[in-house]
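Since the structure comes first, as structure tokens, the remarks are kept for the end.
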Amino acid sequence: MTPPQRQRRSTGAASDGVPAKEGELRNPERLFVIGGEGGGERADLDLVTLIVARADPPVSATPEQAALLRLCAAPLSTAELSAYLSLPFSVVTVLLTDLLAKELVQARAPIVRQKVADRNLLEAVMHGLQKL
Amino acid sequence: MDFKSSDTIPGPRTEDRLPHTAEAAVKIVIVGGFGVGKTTMVGSVSEIRPLTTEETMTQAGIGVDDNYGSASKTATTVAMDFGRISITDELVLYLFGTPGQERFWFLWNGLFEGALGAVVLVDTRRLEVSFDVMGRLEERGVPFVVAVNSFPDAPRYPVAELRTALDLPEEIPILDCDVRRRASSRDVLMTLMRFLHSLAVKGALT
């Protein structure tokens, strides 16, 4: 029995069939209700940007903001915040954009893939995995 | 939308909290068809119980896939399971298991672009569902390894035959695994890391 056959593709050869900014389309009602005012601008946050609270929730904080601030008393990724709050990732980024502007949280950017990867980083990850 | 009192929000257990020294995170994406074992793999190596993040997909994305919702639905939710491994006190690794269909990928900003690399998890009973995933990764220049999750009743092909069928160059690792086992899942991740390391060494030389 022979397996089915695939055809290789090359980098950048993409006609990139990504529908125009589809990921940017949001459910406006939900965004407005949870994200509040502020024009829907969002900070550039990755799923693994680590968020740390800089202060206790102020009295003016919404319940969502207060919950989020309490959650990230210790560093927590935006993905984990989304999971624990049961809120879509995009809604969490809207909440965080507001909290970042108010300097209530700090964002620690992830290390992303470079054209030439950082070998020290890769070695550190390997070392960590070996301990598993 | 209802939002429960913030006091009832479950947070990480005390032992699941990251130290304050955690400075940065990296991510690896595990991609494959439905039921291929992505979540099992995440769960077998994660230090936390796998969590789920979700994103809302609006009407524009509906209708392409018959499996999703009824015609009257205007938005659907796409979920992605993930886990975490603390590498050092400063560095954290996150593993995301994501559906194979590319239209899900752009829901999460830079899911693949920022990832160190990807694991394409395949089931030899449905090899062709992974074809498009590999093509997309190639187009985006995301380095990946192929892990064949060994289901008992799945056909077994020699690696050479699989490599020809998948049209993969010699340097891309293909390995068998049993994602239910932590050691096996860890080996897959190690294989990916060694592959990325070899690319980095090569890249530094050219």
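If I go through the range B:170-206 residue by residue, how many of them are assigned to a helix (DSSP H, G or I) and in contact with a strand residue (DSSP E or B) (Cβ under 6 Å, 6 or more places away or on another chain)? Qualifying residue count for the region: 6. For the range B:89-96, the count of residues that are aromatic (Phe, Trp, Tyr), more than 9 Å from every other protein chain (Cβ to nearest Cβ) and farther than 22 Å from B:Asp176 by Cα is zero.
Let's see how each residue does on (1) more than 7 Å from chain B (Cβ to nearest Cβ); (2) over 29 Å from B:Val78 (Cβ atoms); (3) assigned to a helix (DSSP H, G or I):
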site	(1), (2), (3)
A:Tyr84	no, no, yes
A:Val91	yes, no, yes
A:Leu96	yes, no, yes
A:Asn120	yes, yes, yes
A:Ala124	no, yes, yes
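Taking B:Ile87, is it modelled with pLDDT of 75 or more and in contact with a Lys or Arg (Cβ under 6 Å, 6 or more places away or on another chain)? Judged against the criteria, B:Ile87 is not a match.
When the range A:93-132 is filtered for residues that are surrounded by fewer than 20 Cβ atoms within 10 Å (Cβ to Cβ) and acidic (Asp, Glu), the ones remaining, listed by number, are A:Glu103, A:Asp118, A:Glu123. Residues in the range B:133-169 that are surrounded by fewer than 17 Cβ atoms within 10 Å (Cβ to Cβ) and at the interface with another protein chain (Cβ under 9 Å from one of its Cβ atoms): B:Gly141, B:Pro155, B:Glu161, B:Thr164, B:Asp167, B:Pro169. Taking the range A:48-65 as the region of interest, how many residues are at pLDDT below 95 and either in contact with a helix residue (DSSP H, G or I) (Cβ under 9 Å, 6 or more places away or on another chain) or in a strand (DSSP E or B) (or both)? Counting residues in the range A:48-65 that are at pLDDT below 95 and either in contact with a helix residue (DSSP H, G or I) (Cβ under 9 Å, 6 or more places away or on another chain) or in a strand (DSSP E or B) (or both) gives 9.
So if I check each of B:Gly114, B:Gly135, which one is within 21 Å of the chain's Cα centre (by Cα) and in a loop (DSSP other than H, G, I, E, B)? Going through B:Gly114, B:Gly135 in turn, just one is within 21 Å of the chain's Cα centre (by Cα) and in a loop (DSSP other than H, G, I, E, B): B:Gly114. Note on the range A:64-108: residues that are touching a Ser or Thr at 6+ places or on another chain (Cβ under 6 Å) and of a type in the set (Ser, Thr, Tyr) total 2.
One residue is enough: does the range B:117-127 have a residue meeting the conditions outside any helix (DSSP H, G or I), among the small types (Gly, Ala, Ser) and within 13 Å of the chain's Cα centre (by Cα)? Yes: one or more hits.
The values are calculated or read from the model by the stated rules, or taken from the named source; none is laboratory data. Nothing here was measured: the structure is a model prediction, and the numbers come from that model. FYI the Cβ positions are ideal-geometry reconstructions off the backbone, even for glycines, and counts take in every protein chain you see.
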